[in-house]
């Protein structure tokens, strides 16, 4: 356990990182399966049910269902966000995936006491515009930048600046209301891990060191970065109604650099 400006950050042992990798394999398996299922006509409730079934088959538990919120606990096992929805979309029988949709799925699980968390964005069918494909590819690439840059001894602000610069260079915006996080025996641990540089980050910068495990999750919008929360109290949408994309992986900082714990290896 270490403290940075009064914030407790718990570094993980090699044993704990291995346990988190096993949880990450479940997360990867679930997201891969849901990616295979996504097609026009499927309901988001069907995706949610399959995520729960597959997770339990591995002896793991889904993390999202029951998380407290302003309007009651989150009702789904996955967050499934479509088009202008950025994150925290609620699965439902009434929500049917259609040709051309941009579908972001966020999923986490706990296995043997340790958590994994990741997100992927999928484009459905052939009708999406060139700009939508660019948005998804840029968001995926931003996460790749973090994986390549993160290593012991580097300040997170250096990584966050590169992520933000890449997004803005391509004419898109980084969502600032939601950030990544530490992860371990709980889904959300310290520190907060933004995908952009702010005065707060520069005042409370994070020195990456061996044993730090973080969930890095860039959320990128085609238009403005401004978001609103829907009446259900959960679903986050872009204020201007333009599409968004979301990618996330759980990363462990080791003496050799980064280990991606949610890539299935």
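Can residue 193 be described as in contact with a helix residue (DSSP H, G or I) (Cβ under 6 Å, 6 or more places away or on another chain) and crowded, with 16+ Cβ neighbours inside 10 Å? Let's see the steps before the verdict.
Details: in contact with a helix residue (DSSP H, G or I) (Cβ under 6 Å, 6 or more places away or on another chain): no; crowded, with 16+ Cβ neighbours inside 10 Å: yes.
Criteria not met by residue 193.
Close contacts from segment 12-29, counting a first residue that is at pLDDT below 95 and a second that is crowded, with 21+ Cβ neighbours inside 10 Å and not in a helix (DSSP H, G or I), with Cβ to Cβ under 9 Å and a gap of 6+ residues or different chains, come to none at all.
Scan segment 162-172 and tell me whether some residue there is under 21 Å from residue 137 (Cα atoms), surrounded by 17 or more Cβ atoms within 10 Å (Cβ to Cβ), free of Cβ contacts under 8 Å to residues at least 40 places away in the same chain and touching a strand residue (DSSP E or B) at 6+ places or on another chain (Cβ under 6 Å). Yes: segment 162-172 contains one or more residues that are under 21 Å from residue 137 (Cα atoms), surrounded by 17 or more Cβ atoms within 10 Å (Cβ to Cβ), free of Cβ contacts under 8 Å to residues at least 40 places away in the same chain and touching a strand residue (DSSP E or B) at 6+ places or on another chain (Cβ under 6 Å).
Output the residue which, of all residues in segment 172-220 that are in a strand (DSSP E or B) and farther than 28 Å from residue 19 by Cα, is farthest from the chain's Cα centre (by Cα). Spell out the reasoning first.
Going residue by residue through segment 172-220, those that are in a strand (DSSP E or B) are 173-174, 180-182, 189-193, 207, 213-216, 219-220.
Applying the additional criterion that residues be farther than 28 Å from residue 19 by Cα yields 173-174, 220.
On the way: 173: 16, 174: 13, 220: 11 Å.
The qualifying residue farthest from the chain's Cα centre (by Cα) is 173.
For residues that are in contact (Cβ under 8 Å) with a residue 12 or more places away in the chain and surrounded by fewer than 19 Cβ atoms within 10 Å (Cβ to Cβ), scanning just segment 127-137, find the one that is farthest from residue 180 (Cα to Cα). Looking at the filtered set, the residue picked out is 127. Taking the criterion of being in contact with a helix residue (DSSP H, G or I) (Cβ under 7 Å, 6 or more places away or on another chain) and within 14 Å of residue 150 (Cα to Cα), the residues of segment 207-224 that qualify are 208, 213, 216.
Yes/no per residue for (1) within 24 Å of residue 252 (Cα to Cα); (2) surrounded by fewer than 21 Cβ atoms within 10 Å (Cβ to Cβ); (3) touching a strand residue (DSSP E or B) at 6+ places or on another chain (Cβ under 9 Å); (4) modelled with pLDDT of 95 or more:
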position: 34; (1), (2), (3), (4): no, no, yes, yes
position: 41; (1), (2), (3), (4): no, yes, yes, yes
position: 57; (1), (2), (3), (4): no, yes, no, yes
position: 79; (1), (2), (3), (4): yes, no, yes, yes
position: 97; (1), (2), (3), (4): no, no, yes, yes
position: 105; (1), (2), (3), (4): yes, no, yes, yes
position: 115; (1), (2), (3), (4): yes, no, yes, yes
position: 125; (1), (2), (3), (4): no, yes, no, no
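Of all residues in segment 43-55 being buried (at least 22 other Cβ atoms within 10 Å of the Cβ) and either closer than 21 Å to residue 183 by Cβ or modelled with pLDDT under 95 (or both), which is farthest from the chain's Cα centre (by Cα)? Among those residues, the one meeting the criterion is 55.
Hey, can you tell me all the residues within segment 241-264 that are farther than 16 Å from residue 138 by Cβ, in a loop (DSSP other than H, G, I, E, B) and in contact (Cβ under 8 Å) with a residue 40 or more places away in the chain? Passing the criteria: 241, 255, 261, 262, 263, 264. Residues that are at positive phi and assigned to a loop (DSSP other than H, G, I, E, B): does segment 126-148 have at least one? No, because not a single residue in segment 126-148 is at positive phi and assigned to a loop (DSSP other than H, G, I, E, B).
Name every residue in segment 248-262 that is under 16 Å from the mean Cα position of the chain (by Cα) and buried (at least 23 other Cβ atoms within 10 Å of the Cβ), in order of residue number.
Selection gives 248, 249, 250, 251, 252, 261, 262.
The values are calculated or read from the model by the stated rules, or taken from the named source; none is laboratory data. Small disclaimer: the values here were computed from a predicted structure and weren't measured. Here Cβ is always computed from backbone atoms with ideal geometry, including for glycine, and neighbour counts include all displayed protein chains.
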